[in-house]
1. Longer than 31 Å from Cα to Cα, which of 39/66; 8/33; 10/33 are they? Say none if no pair is.
2. Compute and list, largest first, the equivalent-ellipsoid semi-axes of the stretch 2-70 from the alpha carbon gyration tensor, each √(5λ) rounded to a whole angstrom.
3. How far apart, in nm, are two points set 7 Å out from the Cα along the Cα-to-Cβ line at residue 58 and at residue 27?
4. If I model a spin label as a point 7 Å beyond the Cα along the Cα-Cβ vector, how far apart are those points for residue 68 and residue 47 in nm?
Amino acid sequence: MKEEIILKEKINLLEKEIATLTDQIERINRQIKEFDDLKNEIKGIKLFLGRSDPGFKTGFPEIMQKIYKKK
């Protein structure tokens, strides 16, 4: 009898842990989707700037190299 109660408590605890993990995974997936959306927007901006300003194509890589060297 006592073993059954302990087993039920363990099962309930595991169910709560699974629910918590599921919530965390869903939150992380939403953040990943946001990052993917931002990545696509940045690509679009870079493409637009490259077409509208020819100097951007040469200047942007130089700027990025300077930024990565500082890290």
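Bear in mind these aren't lab numbers, they're just calculated from the coordinates by the rules spelled out. Given the structure is predicted, the values throughout are model-derived calculations rather than measurements. Cβ placement follows ideal geometry from the backbone for every residue including glycine, while neighbour counts extend to all protein chains displayed.
1. In this structure, 8/33; 10/33 lie more than 31 Å apart at Cα.
2. Taking √(5λ) for each Cα gyration eigenvalue gives 53, 14, 4 Å.
3. Taking the two extended label points, one gets 4.9 nm.
4. Here the answer is 2.2 nm between the modelled labels.
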